[in-house]
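Trainee: To start, I am sharing the structure in question, which I have written as structure tokens.
The values are calculated or read from the model by the stated rules, or taken from the named source; none is laboratory data. Bear in mind the structure is a predicted one, so any value in this text is a computation, not a measurement. Note that each Cβ is placed from the backbone with ideal geometry, even for glycine, and that neighbours are counted across all protein chains shown. Ligands, DNA and RNA are stripped out before the accessible areas are found, and what is left, the full protein with its side chains, is counted by its heavy atoms. Shrake-Rupley method; radii C 1.70, N 1.55, O 1.52, S 1.80 Å.
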Amino acid sequence: MPIAELRRLRKNKNIRNWVSQHELRPKDIILPYFLVEGKNVKKPISSMPGIYHLSVDNLTKDIKEIKGLNSVLLFGVSNEKDNRAKNSYKKNGIVQKAIKAIKKEFKDLIIISDVCLCGYTSHGHCGIVKNQKLKNFEIDNDKTLKILAKIALSQAQAGADFVAPSAMMDGQVKTIRQALDKRGFKDTGILAYSAKYASCFYGPFREALDSKPAFGDRKTYQMDFRNSYQALREIKQDIDEGADIVMVKPALAYLDIIYRARQEFNIPIAAYNVSGEYSMIKKLSNRDKNAQKELALEVLTSIKRAGADLIITYWAKDLLKWLK
Ligand code: PBG
């Protein structure tokens, strides 16, 4: 056997582009936003260079300036928090207002809204806390489900295309699907945070949402990183409960999970390139913008190569420019 001359396929840029197998496409990119009350607010988030807290008026201004944007994921940052997350499902809540404003101005933009309690609870947990004692607190799964259904419904009423439950409560997809169907929102889809791991890569995000748990951690609801087949069970269950799209989160440290999910299931898979994964690379390469671009493209393409269809990433704006 002659030795394969594999370098022929890398001889120049044209040939490399010609035979390249995995491409990031603008339409796959989902841009997350952190929304706050008020007018004309644009406040940098120190843990995430280049990312801001925006008021709704600035959100629509911002969207207007981005060419090729296909979808957004909305998070609300509440400044009035309580232990029942009451502000999460208000008709006039931050996210609900933002959805309406976007729908009015940008008919074709796909709106995904995060469905969780953590941005609205005083203790920062994603669910209703049963026993607030530091050592043996418990998250009440079924009480949390009721709130999640209310949030999803309020967002669907505002005009969200997809709601994205991220609390990792058992039965959240089914509960939300039933609530939506009952109220006539058959067309509102569910993008489920299915395999969501308890990860330290969420650190910068928790600063942005001011949602760091005041006590305990999220390990009784988010997944243990020592497990992989459990992720497939979580995904399977969400599909059975009615998810339209499933998600693996974080992305970079979990490419094996994305790959396995891709082999196993015939459903669109989203991957969340989370805050810590973003900030890590951003800070590592901030002094050399070209290196930064190359590095970001390398890791984002690896997510695609692993098998993700959609990528939620704080690089979205840069990426849309780079891919032009
Ligand atoms: C929780 C939620 C988290 C993220 C999105 N929704 C993580 C958490 O605090 O547990 C993380 C996103 C990121 O890090 O970019 N509902």
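Trainee: Let me spell it out: the conditions are (1) small (Gly, Ala, Ser); (2) within 15 Å of the ligand (Cβ to nearest atom); (3) in contact (Cβ under 8 Å) with a residue 60 or more places away in the chain, and Ser113 meets all of them except one. Which number is the exception?
Mentor: Here Ser113 meets the rest and fails (3).
Trainee: So Leu54 clears everything in (1) modelled with pLDDT of 95 or more; (2) on the phi > 0 side of the Ramachandran plot except one condition, right? Which one?
Mentor: Failing condition for Leu54: (2).
So that you can scan it fast, the table gives a plain yes or no per residue for (1) in contact with a Gly (Cβ under 6 Å, 6 or more places away or on another chain); (2) in a helix (DSSP H, G or I); (3) within 16 Å of Asp217 (Cα to Cα):
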| residue | (1), (2), (3) |
| --- | --- |
| Ile111 | no, no, no |
| Gly124 | no, no, yes |
| Lys135 | no, no, yes |
| Asp142 | no, yes, no |
| Ile147 | no, yes, no |
| Val163 | no, no, no |
| Met168 | no, no, yes |
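Trainee: Right, another one. Which one of these is among the acidic types (Asp, Glu), touching a strand residue (DSSP E or B) at 6+ places or on another chain (Cβ under 9 Å) and part of a helix (DSSP H, G or I): Glu277, Glu294, Glu298? Steps first, please.
Mentor: Details: Glu294 fails: touching a strand residue (DSSP E or B) at 6+ places or on another chain (Cβ under 9 Å); Glu298 fails: touching a strand residue (DSSP E or B) at 6+ places or on another chain (Cβ under 9 Å).
Of Glu277, Glu294, Glu298, the one residue that is among the acidic types (Asp, Glu), touching a strand residue (DSSP E or B) at 6+ places or on another chain (Cβ under 9 Å) and part of a helix (DSSP H, G or I) is Glu277.
Trainee: Which of (1) surrounded by fewer than 22 Cβ atoms within 10 Å (Cβ to Cβ); (2) more than 14 Å from the ligand (Cβ to nearest atom) is the odd one out, the single condition Gly216 does not satisfy?
Mentor: The one condition Gly216 does not meet is (2).
Trainee: Taking the conditions exactly as written (assigned to a loop (DSSP other than H, G, I, E, B) and not β-branched (Val, Ile, Thr)), does Pro32 satisfy them or not? First the steps, then the outcome.
Mentor: Numbers: assigned to a loop (DSSP other than H, G, I, E, B): no; not β-branched (Val, Ile, Thr): yes.
Here the answer is no, as Pro32 does not meet what is asked.
Trainee: Could you please let me know if Gln157 is away from the ligand (no atom under 12 Å from the Cβ), more than 21 Å from Val246 (Cβ to Cβ) and either open to solvent by 20 Å² or more (accessible area, probe 1.4 Å) or modelled with pLDDT under 95 (or both)? So that I can check it myself, show each step before the final result.
Mentor: Details: away from the ligand (no atom under 12 Å from the Cβ): yes; more than 21 Å from Val246 (Cβ to Cβ): yes; either open to solvent by 20 Å² or more (accessible area, probe 1.4 Å) or modelled with pLDDT under 95 (or both): yes.
Against the criterion (away from the ligand (no atom under 12 Å from the Cβ), more than 21 Å from Val246 (Cβ to Cβ) and either open to solvent by 20 Å² or more (accessible area, probe 1.4 Å) or modelled with pLDDT under 95 (or both)), Gln157 qualifies.
Trainee: Go through segment 271-297 residue by residue and tally those that are open to solvent by less than 60 Å² (accessible area, probe 1.4 Å), within 16 Å of the ligand (Cβ to nearest atom) and in contact with a helix residue (DSSP H, G or I) (Cβ under 9 Å, 6 or more places away or on another chain).
Mentor: Adding up the residues that qualify gives 11.
A quick yes/no check of all residues on (1) within 16 Å of the ligand (Cβ to nearest atom); (2) free of Cβ contacts under 8 Å to residues at least 60 places away in the same chain:
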{"position": "Ile51", "(1), (2)": "yes, no"}
{"position": "Ser55", "(1), (2)": "no, yes"}
{"position": "Asn87", "(1), (2)": "yes, yes"}
{"position": "Asp108", "(1), (2)": "no, yes"}
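Trainee: I'd like to know if segment 252-261 contains one or more residues that are outside any helix (DSSP H, G or I) and either surrounded by 16 or more Cβ atoms within 10 Å (Cβ to Cβ) or modelled with pLDDT of 95 or more (or both).
Mentor: Initial filter on segment 252-261 (outside any helix (DSSP H, G or I)): none.
Looking for residues that are outside any helix (DSSP H, G or I) and either surrounded by 16 or more Cβ atoms within 10 Å (Cβ to Cβ) or modelled with pLDDT of 95 or more (or both), one finds none in segment 252-261, hence no.
Trainee: Limited to segment 160-174, what total is found for residues that are open to solvent by less than 50 Å² (accessible area, probe 1.4 Å) and away from the ligand (no atom under 16 Å from the Cβ)? Break it down stepwise before answering.
Mentor: Quick first cut of segment 160-174, residues open to solvent by less than 50 Å² (accessible area, probe 1.4 Å) only: 160-161, 163-169, 171-173.
Filter once more, so that each one left must be away from the ligand (no atom under 16 Å from the Cβ): 161, 171.
Result for segment 160-174: 2.
Trainee: Only one of these is open to solvent by 10 Å² or more (accessible area, probe 1.4 Å) and within 16 Å of the ligand (Cβ to nearest atom): Ile190, Ile245. Name it. Talk me through it step by step, then tell me what you get.
Mentor: Numbers: Ile190 fails: open to solvent by 10 Å² or more (accessible area, probe 1.4 Å).
That would be Ile245, the only listed residue that is open to solvent by 10 Å² or more (accessible area, probe 1.4 Å) and within 16 Å of the ligand (Cβ to nearest atom).
Trainee: Scan segment 119-129 residue by residue and report those that are closer than 14 Å to Tyr89 by Cβ and within 13 Å of the ligand (Cβ to nearest atom). Give the steps one after another, and end with the answer.
Mentor: Of the residues in segment 119-129, the ones closer than 14 Å to Tyr89 by Cβ are 119-121, 128.
Matches in segment 119-129: Gly119, Tyr120, Thr121.
Trainee: (1) among the polar types (S, T, N, Q); (2) in contact (Cβ under 8 Å) with a residue 24 or more places away in the chain; (3) part of a loop (DSSP other than H, G, I, E, B): which one isn't true of Asn266, the others all being true?
Mentor: That leaves (2) as the condition not met.
Trainee: Since Phe201 meets every condition but one in (1) without any contact (Cβ under 8 Å) to a residue 60 or more places away in the chain; (2) in contact with an Asp or Glu (Cβ under 8 Å, 6 or more places away or on another chain); (3) within 27 Å of Tyr278 (Cβ to Cβ), which condition does it not meet?
Mentor: Looking at each condition in turn, Phe201 falls short on (1).
Trainee: Looking only at segment 175-186, which residues are open to solvent by 100 Å² or more (accessible area, probe 1.4 Å) and over 23 Å from Cys126 (Cβ atoms)?
Mentor: So the first thing to find is which residues in segment 175-186 are open to solvent by 100 Å² or more (accessible area, probe 1.4 Å), and the list is 178, 182-183, 186.
The answer is Lys182, Arg183, Lys186.
Trainee: Identify all residues within segment 1-53 that are within 17 Å of the chain's Cα centre (by Cα) and open to solvent by 30 Å² or more (accessible area, probe 1.4 Å); write none if there are none.
Mentor: Of everything in segment 1-53, those that are within 17 Å of the chain's Cα centre (by Cα) and open to solvent by 30 Å² or more (accessible area, probe 1.4 Å) turn out to be Pro26, Lys27, Tyr52.
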